[in-house]
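We did not get these values from a lab; they are worked out from the coordinates using the rules stated. Since this is a predicted model, take the numbers as computed values, not measurements. Backbone-built Cβ (ideal geometry, glycine too); neighbour counts: all protein chains shown.
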């Protein structure tokens, strides 16, 4: 394990703090490949836990997993006009399939073999609508084949210039749901349903409050009819888009000729949806809960939920505390708690605390000789607070503590979010809020619907419309005028500076 | 669901039969991308079940999952001389990162933007030794950091000219374990241990008997010190390599400067191993057990273990059989059995049987009105045999039947393999065996160790040395001379025609 280093305080430099937390918790590391990261075991385990929870939810709503090719023929991407325009500037293109020796000695002595150039370059998938709907056209003949509800877990490549661990990387991992329906109403219901699944996951598992709503034209997915999104407020009061769900209409169905025979013998194009969340969520998790001591992981997604740190001075004490600690570990592990015992000889207890705190472990159980004598352990919560717990009944106490920590994290994040939200803003209030010392947050106000206002606001304040919020997030009093230009409002909007 | 089609009999054309089984069972489909396949939900579920079982075994042996970049700088691949030579002819190369409109209208109106050409092309990983060991060099400082035991589940690209669904595709899914150790002995023990894990998985889960052993120089992994492999005999008497485990020695450690400080303060290169199995195993599973009616899936890996087919004529009967069938389904599902009820109105029972047989479901429970009256279901095994079972005690009967089917599949495959194995062959016997009407199989004989004999044998019979078998597979009487050239034998070898 690398030497522990100091974490930059949030107040000093939030961006440095974030990188420090990710590195110290060993969630990820920089790779020698531009813009690509390595997800280390501690971070990858969070992703696996996320996958497990989401997979259960996807299955419960009737979806099945499948796998489609990494490569997409360049011409496929071009079949949907908005789609290719949206992705043209960030696609990795495979053009050759063999290496050739240059004849020069040394490590760089190979080049792409010109004779192996592909007739049509292949795009490394930046998203899979085109390749998946090409297959849908083959599989769907009749209304009996609908709805078709698939999901894919895979890697995605979008060439990025400014990258941040988890938040924006050239390669990332995600899931993309792709469905086909007989009617627009069904597609709309599906897109809405999956937005709800994401919200439930992000609130209940990640303990991360989100607001949901519709994207404006300027922010919608390239090729979609409507895009819905989830937005969460980070500790620096910037918004992070943590998932999207698209009603694609018949745009791709027409581009790839996905038609079905209706019950009455007619021929119709299907209605598609697609929806996705990615490893970016891990960045959201970090920036929602963590502190200047490192990662704070919500218990439901913590790779290690409980760490037992035995404390001893003599060999005799060592035997005692390891004996009791081992039994505690077995009891908790048997009940499904993700528990580790840190029995290293070469590291002092204080250094162990420091390390496991940086790794975000929600609950630490310290067991010293006096605890053994008293039949107890000392339970220290990552969210603060330390108290002895009796070994008899420990499991229930641990499970109760984990539940409480999970809940505390959510309510704390929610309170923070509310404290950085203003509603019914005027133009001046909005500017003061976004540029003020508080550092912004979510601002709710009336919106006239014009792209010009969006552009101007972005230029002057750095804020963009995150969503036109869903009813449950709207203000009790709906604004009647655009907070920027004063014209009649077509919808309430939520602005924020965003990642 | 597509119209069921006839499956080509194995005796008529084994290769066509294989494709028909894969397509009819909806395991996979051809994609519009050359050499790449789509893994459909029924096939992907098998992969997920394989992943789950293997992940448990990897974790139990101390390994942790991580994720490394898809792209590898071209120069990295070139750092290990044998390695780059081994993969030079089959790598996909990313050279550009933007598309540009050609100005022409129409769907093909984009080209790679010449201004976006990369200074150094990126290789789409054909395997990840080079990128992973570059990271190991960063993470490993001292003997305390060893052993480092990682595993990665990911997609892999190797440009192939002749492809077959699952067996050989340009893109495939796999896991690759990568470890670093302080000593050669530890690396050797690790490579051996993981070969054992694979053997256990393939025998106990896939019900596929394998032989294990060492590859000869001509067949070893590009960059390895020693390669161990598992080989299984398919129903056409060709061998399929179903996994490999490599002791990489210090080859990559030297190329990527992965050194550690010893306990006594010295500096040493680490010893690496890597080991992998892929979606190719699904092809092996198909070719080991399936028949002319379609897929036969071993219960432990069957996406659907039990299908309930209710049979009715009147509406009243329909209510009865669906009621009982639903209860049976709930009981089995609750106990963890993967069960479906096929309640479709539009499909007749016979057609349902046909479809679920093609999909390899191990056990079918038919429930008609007379069965309801008698408090029973009729259980039909995919491996043959049909008998009534009482609904009282059904769960135990189903679990017992699944266990028996699992065992039957293994012993049947093992007997078939033994029936197509000959030992202590002479040159003439060998030629007759490989070219004879029986179609070959595993031939054990003495081997002089020369590459010339290997080449000659391959040219004349199409057979290659699959492995120099491990002790438990060796013949009681070790051959003293090379079965081909008659010179002294250095080891017993197992030859076969192979995929």
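Side notes on the structure shown:
- Across peptide B:27-39, the mean count of Cβ atoms from other chains lying within 10 Å of each residue's own Cβ comes to 6.
- Summarising the strand pairing of chain B, around 85 percent of its internal DSSP beta bridges are antiparallel.
- Take every pair of alpha-carbon atoms less than 8 Å apart whose residues are at least six positions apart; their mean separation over the length of region A:421-497 yields a relative contact order of 41 percent.
- Residues of region A:250-285 with amide N under 16 Å of a point placed 7 Å along Cα→Cβ from residue B:351: A:263
- Taking every DSSP helix (H) stretch of at least 4 residues in the protein assembly as shown, weighting each as -39,500 (n - 2.57) and dividing the sum by the residue count yields a mean residue ellipticity at 222 nm of -10500 deg cm²/dmol.
- Dividing the mean sequence gap of close Cα pairs (under 8 Å, 6+ apart) by how many residues region A:1-143 holds gives a relative contact order of 17 percent.
- Length gained when the stretch residue B:30-residue B:64 is fully extended (0.36 nm per residue, less Cα-Cα span): 8.9 nm
- Rounded to two decimals, the Cα radius of gyration of region B:306-401 over 2.2 N^0.38 Å is 0.98.
- Length gained on full extension, residue B:292 to residue B:5: 102.1 nm, using 0.36 nm per residue less the C-alpha separation.
- By other beta-carbon atoms within 10 Å, ranking B:356, A:312, A:275 with the fewest at the front produces A:312, B:356, A:275.
- Shortest-first distances to equivalent copies, position residue B:455, nm, label 7 Å out along Cβ: 7.0
- Cα shape, region A:188-285, gyration tensor, a/c 1.5 rule: prolate
- Computed from label points 7 Å out along Cα-Cβ, the spacing between residue A:48 and residue B:200 is 1.7 nm.
- Placing R0 at 22 angstrom, the Cβ-Cβ distance between residue A:115 and residue B:161 gives a FRET efficiency of 0.95 after rounding to 0.05.
- Averaged over peptide A:157-168, the number of partner chain Cβ atoms lying within 10 Å of each residue's Cβ comes to 1.
- Nm distances between copies for residue A:422, ranked from closest, using label points 7 Å along Cα→Cβ: 9.0
- Residue A:262 paired with residue B:404, simple spin-label distance in nm, labels 7 Å along Cα-to-beta-carbon: 5.2 nm
- Overall Cα dimensions of region A:53-95 - principal axes, largest extent first, Å: 38, 23, 17
- Here the simple spin-label model places points 7 Å from the Cα toward Cβ, and for residue B:82 and residue B:452 these points are separated by 2.3 nm.
- Protection proxy ranking of A:481-494, B:29-42, by the mean of other Cβ atoms within 10 Å over each peptide's residues and highest first, is B:29-42, A:481-494.
- If R0 is taken as 25 Å, the Cβ-Cβ distance between residue B:477 and residue B:415 corresponds to a FRET efficiency of 0.65.
- Global dimensions of region B:139-223 from alpha-carbon coordinates: Rg and Dmax equal 15.9, 46 Å.
- Remark: the Cα gyration tensor places region A:31-123 in the oblate category, a/c being 1.5 or greater and a/b not exceeding b/c.
- Of all DSSP bridge pairs formed entirely within region B:306-401, close to 55 percent run antiparallel.
- Cα principal axis extents for chain A, largest first, Å: 80, 70, 54
- Relative contact order [Cα under 8 Å, 6+ residues apart], chain B, whole percent: 14 percent
- Residues B:271, B:139 arranged by fewest to most Cβ contacts within 10 Å: B:139, B:271
- Between identical copies, the spacing of residue B:292 label points, each set 7 Å from Cα toward the C-beta atom, reads 7.8 nm from nearest to farthest.
- Global size of the protein assembly as shown as Cα Rg and Dmax, reported in angstrom: 30.3, 98
- Prolate/oblate/rounded call for region B:421-497, Cα gyration tensor, a/c under 1.5 rounded: oblate
- Residue order, fewest to most surrounding Cβ atoms within 10 angstrom, among B:274, A:218: A:218, B:274
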